[in-house]
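The structure appears right after this line, and notes come after that.
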Amino acid sequence: MFHKSNPKNSSTFARLLIGRNSRKSNRYIVSFKTTSELKSSSSGVLSKMQEMEHEQVLFCTDKKTGLKAIIAVHNTVLGPALGGTRMWNYATEEEALNDVLRLSRGMTFKAAITGLKLGGGKAVIIGDAKTQKNEALMRRFGKFVQTLGGKYITAEDVGMETEDMVYIKKETNYVTGLPEEMGGNGNPSPVTAYGVYMGMKAAAKFTWGNDSIAGKKILVQGTGHVGETLIDYLTKEKAFVYVNDINQERVKTIVAKYNAISVSGNIYTEEVDIYAPCALGATLNSETIPQLRCAIVSGAANNQLLDEKVHAQMLKDRGIVYAPDFLINAGGIISVYAEVASYNKQKTMEETAKIYDTTLFILNIAKEQNITTAQAALNVAMARIQLASRN
């Protein structure tokens, strides 16, 4: 399935996104704090919440199961805060807090720019998913989700599987990403990958005038559920795929399965057409951006820019087209929202395919206004939230 873009002028598409004509919408472009403007990591929890405009943060502990988790609700103006739960062996509790605050904030913008009736939230569980995760831990976490009474709806993220959502479901109805036999859409990763693929093709159209990626050299960093599915799409379109992952056994499997090329060491100096970060965030920073030898950055990872303002500008100054991560990786939230909105599979994929048009719209707006693509995407997302808060 591939969604061909219908040409739309900026004002027409803006009406679809924020419900006003372009002349009126200008006065709803609101200010927001970028990561460079937020207080240092030494700030207290409440100060961080206030700076990043979070509504609520719930700290969860349970001695019996060993659970240590944080649930962050960023914004519920558009609807309940929906976002996945990530299980990761964070080095410190402060690192976990900073991650959940940034991720939940990103979910707010992701839902808004996609046009969903959802707010932004996220949860993290501190621990090793391979050795510490079990049914008791998941169910205890589910009880904490239930205490929020639907203000936060969870789903799966890094370190979590569909099976874990089934355990959580035993304690709360505020969970998505359930298997199809339970009325869910299953693992959202394939839909996330499809959205990234659509965003990548839109970026190709913007950059080269043609959305074909056949023959293009594409470096995919991260070969998990989303990364592999993206690689499958790229391979089928006859792109030359380069892969990198910290898990070398995984790399060997992917190389053999898709006839990809393995790269290691300093991957940022690889001469490719598209760099697709699909692992953890912050790979676009002051050290890596000057080394990049690509025309486009378009991947699935969240929070790819270490600093939204500084590093988006660095990419712009270098002439590298950046497809905003929270826009093109929104397929996952569309997939889990489908369970709330009762979409079928076809409708889910059709909604995800619209990421193509939205990406083209954002890239063109950024060019017209001479701003970064990250700024353009955030402006549109914040405008929709501001409109809803005034109604």
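The values are calculated or read from the model by the stated rules, or taken from the named source; none is laboratory data. The structure displayed is predicted, hence computed values, not measured ones. Reconstructed Cβ throughout: ideal geometry from the backbone, glycine too, with neighbour counts over all protein chains shown.
For this structure, a couple of remarks:
- Of the criteria (1) among the aliphatic types (A, V, I, L, M); (2) at pLDDT 95 or above; (3) not in a loop (DSSP other than H, G, I, E, B), which one A300 fails: (3)
- Residue count for the stretch 255-283 satisfying the condition of being assigned to a helix (DSSP H, G or I) and closer than 26 Å to P324 by Cβ: 3.
- From the options K216, K201, K205, K238, residue that is in the same structural domain as T269 (by TED's automatic domain parsing), charged (D, E, K, R), at pLDDT 95 or above and in contact with a Leu (Cβ under 7 Å, 6 or more places away or on another chain): K205
- Residue within the stretch 238-245 that is touching a residue at least 24 places away in the same chain (Cβ under 8 Å), assigned to a helix (DSSP H, G or I) and farther than 21 Å from G332 by Cβ present: no
- Being in a loop (DSSP other than H, G, I, E, B), polar (S, T, N, Q) and either in contact with a helix residue (DSSP H, G or I) (Cβ under 9 Å, 6 or more places away or on another chain) or modelled with pLDDT of 95 or more (or both) is a property that holds for T65.
- Test for G159: is it in a loop (DSSP other than H, G, I, E, B) and closer than 13 Å to P80 by Cβ: no
- From the list E368, E308, E351, the lone residue that is surrounded by fewer than 17 Cβ atoms within 10 Å (Cβ to Cβ) and either assigned by TED's automatic domain parsing to the domain that holds W208 or hydrophobic (A, V, I, L, M, F, W, C) (or both) is E368.
- Failed condition for G222, given (1) farther than 25 Å from I333 by Cβ; (2) in contact with a strand residue (DSSP E or B) (Cβ under 8 Å, 6 or more places away or on another chain); (3) not polar (S, T, N, Q): (1)
- V100 being buried (at least 24 other Cβ atoms within 10 Å of the Cβ), under 22 Å from the mean Cα position of the chain (by Cα) and within 14 Å of N302 (Cβ to Cβ): yes
- Scanning the stretch 315-332 for residues that are part of a loop (DSSP other than H, G, I, E, B) and within 8 Å of the chain's Cα centre (by Cα) gives N329, A330.
- Qualifying residue in the stretch 123-141 (condition: crowded, with 24+ Cβ neighbours inside 10 Å, touching a helix residue (DSSP H, G or I) at 6+ places or on another chain (Cβ under 7 Å) and of a type in the set (D, E, K, R)): no
- One residue alone among V220, V175, V145 is among the β-branched types (V, I, T), crowded, with 20+ Cβ neighbours inside 10 Å and touching a Lys or Arg at 6+ places or on another chain (Cβ under 6 Å), and that residue is V175.
- L280 touching a Phe, Trp or Tyr at 6+ places or on another chain (Cβ under 9 Å) and surrounded by fewer than 19 Cβ atoms within 10 Å (Cβ to Cβ): yes
- Of the residues making up the stretch 87-121, those that are in contact with a Lys or Arg (Cβ under 7 Å, 6 or more places away or on another chain) and within 25 Å of V166 (Cα to Cα) are M87, V100, L103, S104, M107, G120.
- All positions within the stretch 295-305 that are surrounded by fewer than 21 Cβ atoms within 10 Å (Cβ to Cβ) and over 14 Å from the mean Cα position of the chain (by Cα): A295
- Cβ-Cβ under 8 Å pairs, at least 6 apart or on other chains, the stretch 309-320 side of a type in the set (A, V, I, L, M), far side assigned to a helix (DSSP H, G or I): V310/S36; A312/T373; A312/A374; A312/Q375; M314/I289; M314/P290; L315/I289; I320/I289
- Residues of the stretch 46-66 classified as of a type in the set (D, E) and under 20 Å from T154 (Cβ atoms), total: 2
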